Amino acid sequence: MKELVLYIHGKGGNAEESSHYESLFPGCDVVGLDYRSSLPWEAAEEIREAVGSMKREYDGVSVIAVSIGAYFCLCAGIEGFVRRAYFISPVVDMESLILGMMSCSGVTEEELEEKGTVPGTAGEDLSWEYLSWIRRHPVHWTVPTDILYGGEDALVPRDTISVFAEEHGSRLTVMEDGGHWFHTDREMRFLDNWIRDSKNAEGK
């Protein structure tokens, strides 16, 4: 049985990060997707096309997705192609995240709609087109999913992750002293053990 594990990086990441997961999925092809766009409607299309194409070559496809890469997966309409997902520090409620950024920047919806794009105080441009698209495309996700979350994540509130996990029947694991970006030796050991435990829970 030929299986693929597709790695989808977060902002500032790259496809080469997928090599870290090769030893955790022996017998599987582990491939990183080097998607190009930061816009959800474009990145989601890239992911959908890649998964649809690769699915024809494999008996099963799993996904590992990080941060905003997980959100792009949620928007991609790939539920029919993917048997399991592993989300690391996922962005699961983009609308709330953007509204929070707007609040911190003192930008109202009326102002954003009028101007189209407004610089945010966090260095990210706020876009009415982006916000409007998100509202027109609510998340529908049915893939069995394991979630790893850092208790000190400053980007995604804990209650947001908890609500998503409960609503979608996802297994949620929290590293209490972990941050949004899992990168230290200790965090990566925790991450590796989380994947092993998740796979064992699947009966593998």
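A few notes on this one:
- Restricting segment 1-35 to residues that are of a type in the set (Ser, Thr, Tyr) and buried (at least 18 other Cβ atoms within 10 Å of the Cβ), the residue that is farthest from the chain's Cα centre (by Cα) is 21.
Results for (1) of a type in the set (Gly, Ala, Ser); (2) in a helix (DSSP H, G or I); (3) modelled with pLDDT under 95; (4) surrounded by 12 or more Cβ atoms within 10 Å (Cβ to Cβ), shown as yes or no for each residue.
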{"position": "159", "(1), (2), (3), (4)": "no, yes, no, no"}
{"position": "173", "(1), (2), (3), (4)": "no, no, no, yes"}
{"position": "179", "(1), (2), (3), (4)": "yes, no, no, yes"}
{"position": "188", "(1), (2), (3), (4)": "no, yes, no, yes"}
{"position": "192", "(1), (2), (3), (4)": "no, yes, no, yes"}
{"position": "195", "(1), (2), (3), (4)": "no, yes, no, yes"}
{"position": "203", "(1), (2), (3), (4)": "yes, no, yes, no"}
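- Check on residue 152, closer than 25 Å to residue 107 by Cβ and out of contact with any Pro (no Cβ under 9 Å at 6 or more places or on another chain): no
- Pair list, Cβ under 8 Å, 6 or more apart: segment 68-95 residue basic (Lys, Arg), other residue modelled with pLDDT under 95: 83/60; 84/202
- Helices (runs of 4 or more DSSP H) completely within segment 36-142 that count 3 or more residues being outside the structural domain of residue 16 (by TED's automatic domain parsing) and surrounded by fewer than 21 Cβ atoms within 10 Å (Cβ to Cβ): 94-105, 109-115, 128-136
- Criterion violated by residue 65 - all others in (1) free of Cβ contacts under 8 Å to residues at least 60 places away in the same chain; (2) of a type in the set (A, V, I, L, M); (3) more than 19 Å from residue 181 (Cα to Cα) satisfied: (3)
- Residue in segment 143-157 that is nearest to residue 77 (Cα to Cα), counting only those that are not in a loop (DSSP other than H, G, I, E, B) and not small (Gly, Ala, Ser): 145
The values are calculated or read from the model by the stated rules, or taken from the named source; none is laboratory data. If you're wondering where the values come from, they're calculated on a predicted model, not measured in any experiment. Don't worry about glycine lacking a Cβ; one is built from the backbone with ideal geometry, like all the others, and counts go over all protein chains shown.
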